[in-house]
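J.: After the structure tokens below, expect a handful of questions from me.
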Amino acid sequence: MAAVVALSSLLEGRQVWRSREAPALAGDQPTGWKALDAILPAGGWPDAALSEILLPADGVGELQLVLPTLARLTQGKRSVVIVAPPYVPCVAGWQQRGVDMRRVEIVAAADKDVLWATEQCLRSGSCSAVLVWPHHADDRSLRRLQVAADTGRALALAFRDRRHLSNASPAALRLELEATPRAQIWVRKCRGGNAPSQPVPLSRHVH
């Protein structure tokens, strides 16, 4: 089961984690959604970079988008960290989708500390992916997350309100999730290529 921990205890175990972990992330990072991977220049998530998932609201199924990635990483004995999520993940549902919850840590952080905690986890070199819902992220703080992801060779996945689409972002990838009338993803920005003009429907078929 995923453990809720303080950031200090998480980082204190960094050297222990490193001895257990597989090598740092490198190469392809597929999202697990075949149609989405087919149109992304990197064939999936940009490696060791910040990606934004922009939402109409929290809790509209955004975690379904990343579950194939979390399953792949945790089955590969890599640690995943979730910083101050707005709701508790469904453990049984995640396990059914293949996520090894023993490799998932939830960091408890006050709202004012969320960005700092995320940056520390990304820089640590101990996390394969860090998920966060930053409410007060400006361009400078997002750039810090991008640099931290590159330093720690981790995937940074930031879930934000879609009103931020009108603002420039240093993220390597920006996806917008539409939940109704059916779930689909718009690629709004992708490093290394032009954003497609059509959305990608999210089906249950993953690879």
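The values are calculated or read from the model by the stated rules, or taken from the named source; none is laboratory data. Computed from a prediction, not measured in an experiment: that's the story for all the values here. Here the Cβ is made from the backbone with ideal geometry for all residues, glycine too, and neighbour counts use every protein chain on show.
J.: Go through (1) buried (at least 21 other Cβ atoms within 10 Å of the Cβ); (2) of a type in the set (S, T, N, Q); (3) without any contact (Cβ under 8 Å) to a residue 12 or more places away in the chain one by one and return the number of the condition Ser128 breaks.
T.: Exception for Ser128: condition (3).
J.: Can you name every residue in the range 163-177 that is without any contact (Cβ under 8 Å) to a residue 24 or more places away in the chain and either within 20 Å of Thr31 (Cβ to Cβ) or among the charged types (D, E, K, R) (or both)?
T.: Selection gives Arg163 alone.
J.: Among all residue pairs at least 6 apart or on different chains, which show Cβ distances below 7 Å where the first residue, located in the range 178-189, is aromatic (Phe, Trp, Tyr) and the second is at pLDDT below 95 and not in a strand (DSSP E or B)?
T.: Correct list of pairs: Trp186/Pro199.
J.: Filter the range 121-145 down to the residues that are in a helix (DSSP H, G or I) and either under 22 Å from Gly61 (Cα atoms) or of a type in the set (S, T, N, Q) (or both) and list them by number.
T.: Correct list: Ser141 only.
J.: I've got another one for you. Of everything in the range 142-193, what is surrounded by 17 or more Cβ atoms within 10 Å (Cβ to Cβ) and among the hydroxyl-bearing types (Ser, Thr, Tyr)? Give them in sequence order.
T.: Of everything in the range 142-193, just one residue is surrounded by 17 or more Cβ atoms within 10 Å (Cβ to Cβ) and among the hydroxyl-bearing types (Ser, Thr, Tyr), namely Ser169.
J.: Could you tell me whether Asp58 is under 25 Å from Ser166 (Cα atoms), out of contact with any strand residue (DSSP E or B) (no Cβ under 6 Å at 6 or more places or on another chain) and among the charged types (D, E, K, R)? Please lay out each step first, then the result.
T.: On the way: under 25 Å from Ser166 (Cα atoms): yes; out of contact with any strand residue (DSSP E or B) (no Cβ under 6 Å at 6 or more places or on another chain): yes; among the charged types (D, E, K, R): yes.
It is true that Asp58 is under 25 Å from Ser166 (Cα atoms), out of contact with any strand residue (DSSP E or B) (no Cβ under 6 Å at 6 or more places or on another chain) and among the charged types (D, E, K, R).
J.: Please go through the range 105-120 and pick out each residue that is within 23 Å of Pro56 (Cβ to Cβ) and touching a helix residue (DSSP H, G or I) at 6+ places or on another chain (Cβ under 8 Å).
T.: Answer for the range 105-120, where residues must be within 23 Å of Pro56 (Cβ to Cβ) and touching a helix residue (DSSP H, G or I) at 6+ places or on another chain (Cβ under 8 Å): Leu115, Thr118.
J.: If we keep just the residues of the range 162-185 that are in a strand (DSSP E or B), modelled with pLDDT of 95 or more and out of contact with any Lys or Arg (no Cβ under 6 Å at 6 or more places or on another chain), which is farthest from Leu202 (Cα to Cα)?
T.: Only one residue fits best here, namely Leu173.
J.: Return the residues of the range 150-188 that are hydroxyl-bearing (Ser, Thr, Tyr) and in contact with a Leu (Cβ under 8 Å, 6 or more places away or on another chain); say none if nothing qualifies. Steps first, answer last, please.
T.: In the first step, residues of the range 150-188 are kept if they are hydroxyl-bearing (Ser, Thr, Tyr); the result is 151, 166, 169, 180.
Selection gives Thr151, Ser169.
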